[in-house]
Amino acid sequence: MSQRSDETATATAPVVLVILDGWGLGRDDAGNAVLAARTPVMDRLWRAYPHASLRCSGEDVGLPPGQMGNSEVGHLNLGAGFVVYQWLTRLDHAIADGSFAENPTLTAAIETVKQRGGTLHLMGLISDGGVHSHVRHLEALLRLAAAEGCPRVAVHAFTDGRDTAPTSGLATIARLQATMAEIGAGRIATVAGRYYAMDRDHRWERTARAYEAIVRGEGERAASATAAIQSAYDAEITDEFIPPTVIAADGEAPATLHAGDAIIFFNFRADRARQLTEALVSPDFSGFARGAPVAEVTVVTMSRYEEGLPVAVAFPSTDVVTPLARVVSDAGLLQLHVAETEKYAHVTFFFNGGREDPFPGEERALIPSPRVATYDLQPEMSAPGVTDAVLAGIASGRFAFVIVNFANGDMVGHTGDFAAAVRAIETVDRCLGEIVEATFAANGVALITADHGNAEEMIDPATGQPMTAHTTNPVPLLLVAPETSPLRHATLRDDGRLSAIAPTVLGLLGLPAPSEMTESSLIAGPGNAPA
């Protein structure tokens with residue numbers, strides 16, 4: 001392919017898609033770390049180049065109205081070219097229409113427990129954040145177990161505090177206990193912060209502590225879930241970091257895992273559920289000194305967490321068949337996907353429509369995330385290494401398409417540390433400048449956006465407390481092209497959403513969008529240079 005039409009880059013010039021994770025467009029108030037940061041690069045680009053905003057929450061990304069977006073949903077939509085119906089909405093609909101209660105995988109697990117006289121273990125994030133799970137899905141499982149006459153139900157509750165307020169766990173536990181009292185079934189067997197139970201960066205020492213509490217009843221002890229959480233709060237430990245705690249009153253045996261039991265892991269998002277699931281079921285597990293897994297345990301996951309795990313899947317994925325990466329690959333073009341560990345799955349698995357393996361011609365660069373307890377301790381994260389990988393890829397002249405994710409705005413935003421979030425944004429701004437410069441040197445085009453907001457809203461306006469969750473704010477969109485490019489003064493649509501990115505990139509590459517991509521390009525016209 002040689003010179004393309006006036007809305008495309010040349011064959012040798014890269015199209016670079018830059019994802020500024022957690023960088024939203026918010027109000028100009030005291031909690032906006034994006035506006036508080038010194039961002040000379042973004043300020044200059046916003047003034048000088050075509051820009052707009054993209055919707056990235058609620059129905060625009062296949063979530064319920066008003067539901068904040070997240071990285072999985074965002075990247076899935078970015079690569080799909082159409083609005084992807086999300087797990088939260090899909091499961092809510094299944095509960096509403098009754099198909100959830102008739103799901104054969106769920107009912108088979110319950111029937112197995114009844115026949116064996118075992119315990120049904122319900123495990124997952126008790127959150128109303130809707131990012132990895134939702135507490136109403138757990139409540140539906142409890143009601144199903146009660147309706148089916150399941151004799152014993154144990155809940156292993158992972159507290160959030162990251163996609164929800166930092167100390168919302170106590171109220172969520174109260175809600176859960178009220179539901180169990182109402183239906184007359186269930187007990188809370190363990191409580192653990194997601195920092196331990198849902199690690200995704202191979203910090204196996206964290207996973208091990210959650211595993212030991214769930215499987216063997218080993219760890220800290222409390223007489224009730226309420227007492228466990230309140231004790232953590234008294235020690236100034238928020239929900240995310242509550243140590244794995246076994247719940248058993250005096251003289252009461254903990255609800256540990258035994259042969260004949262079944263586990264239903266009700267998280268629907270895969271990335272933070274994989275490690276604990278692997279520890280529970282993998283015969284050749286080596287993450288920590290686990291020993292042999294408990295025999296004759298049925299394990300069900302709400303969605304498919306990973307190929308090859310010996311589990312039953314309640315709701316099989318509806319993968320995106322022709323994501324952007326496949327179209328680029330089928331055209332015989334090379335592409336590079338770059339991120340640090342925390343967001344690597346997002347620019348690969350999720351962006352590629354739920355596919356683990358790279359497409360032909362797709363290369364990947366994984367930069368290890370820093371091994372710190374929380375990222376406010378190192379707000380720069382691995383952004384310099386991510387940038388170096390992108391610069392090397394552009395300089396090679398091999399790649400027609402490059403996607404890069406900068407995790408800082410989101411991961412540091414989740415800590416609730418405003419000053420650290422400011423440093424994170426400033427780091428990303430510097431890195432963005434280097435990438436734009438390299439893209440111009442290669443006569444390429446940069447498309448800059450985000451998957452969702454976070455750092456632009458660090459203080460809850462209702463409470464004045466630190467806000468660690470994502471937002472429903474729109475995100476920036478910039479088209480940055482060299483002065484000689486016909487795209488330099490292009491006109492961008494002002495009604496766009498994340499799923500329009502894929503056909504836009506394909507247009508820049510001179511490739512037709514497949515019929516599955518129902519969104520239109522965000523480039524409304526070539527625009528006119530100023531007189």
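Values quoted throughout were computed directly from the atomic coordinates according to the rules given, and no laboratory measurement underlies them. Quantities reported herein were computed from a predicted structural model and do not represent experimental measurements. Backbone-built Cβ (ideal geometry, glycine too); neighbour counts: all protein chains shown.
Which whole-number value in Å³ per residue fits the convex hull of the alpha carbons of region 88-313?
Details: hull volume 25.7 nm³, N = 226.
Spread over its residues, the Cα hull of region 88-313 gives 114 Å³ apiece.
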- For region 296-411, count the residues as N, evaluate 2.2 N^0.38 Å, and divide the Cα radius of gyration by that value, please. 1.24
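Just the number: Rg to Rh for region 452-531, Cα atoms, Kirkwood Rh, two decimals.
Here the Rg-to-Rh quotient is 1.13.
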- Item | Cα coordinate range in region 180-258, projected on the principal axes (Å, largest first) | 38, 33, 24
- Message: Bins of 10 Å, beginning at zero and ending with the bin holding the largest distance: percent of Cα pairs per bin for region 344-428, please.
- Response: 17, 42, 31, 10, 0
- Message: At a threshold of 8 angstrom on Cα-Cα distance, excluding pairs fewer than six apart, so keeping six or more, what relative contact order does region 369-492 reach in percent?
- Response: 24
- Note on the structure: Taking the reciprocal of mean 1/r across every pair of different Cα atoms in region 85-154, the Kirkwood radius in Å is 12.6
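If I take every Cα pair under 8 Å that is 6 or more residues apart in region 185-277, average their sequence separation and divide by the length, what percent do I get for the relative contact order?
Details: 137 pairs, mean separation 37.6, N = 93.
Once divided by the residue count of region 185-277, the mean separation gives 40 percent.
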- Note on the structure: the chain: longest segment with zero exposed trypsin sites (Lys or Arg not before Pro), where exposed means DSSP loop plus at most 13 other C-beta atoms within 10 Å, is residues 39-370
- Value at 222 nm in deg cm²/dmol, rounded to 500, when DSSP H runs of n ≥ 4 in the chain each add -39,500 (n - 2.57): -9500 deg cm²/dmol
- Query: Can you give the Rg to Rh ratio of the chain, both from alpha-carbon atoms, with Rh computed by the Kirkwood formula?
  - Reply: 0.99
- Extension gain Ser317-Ala253, at 0.36 nm per residue separation less the Cα-Cα distance, in nm? 19.3 nm
- Query: Using Cα pairs under 8 angstrom and six or more residues apart, how large is the relative contact order of region 88-313, in percent?
  - Reply: 23
- Note on the structure: Across 10 Å bins beginning at 0, the whole-percent shares of Cα-Cα pair distances in region 301-357 come to 21, 44, 29, 6
- Note on the structure: Per the Cα gyration tensor, region 59-207 corresponds to an equivalent ellipsoid with semi-axes, largest first in Å, of 27, 20, 15
- Query: To the nearest Å, what is the center-to-center distance of region 106-168 and region 374-427, using C-alpha atoms only?
  - Reply: 36
- Message: Which one, Ile435, His452, Pro316, projects farthest toward the positive side of the charge dipole computed for the chain from Cβ point charges (K/R +1, D/E -1)?
- Response: Pro316
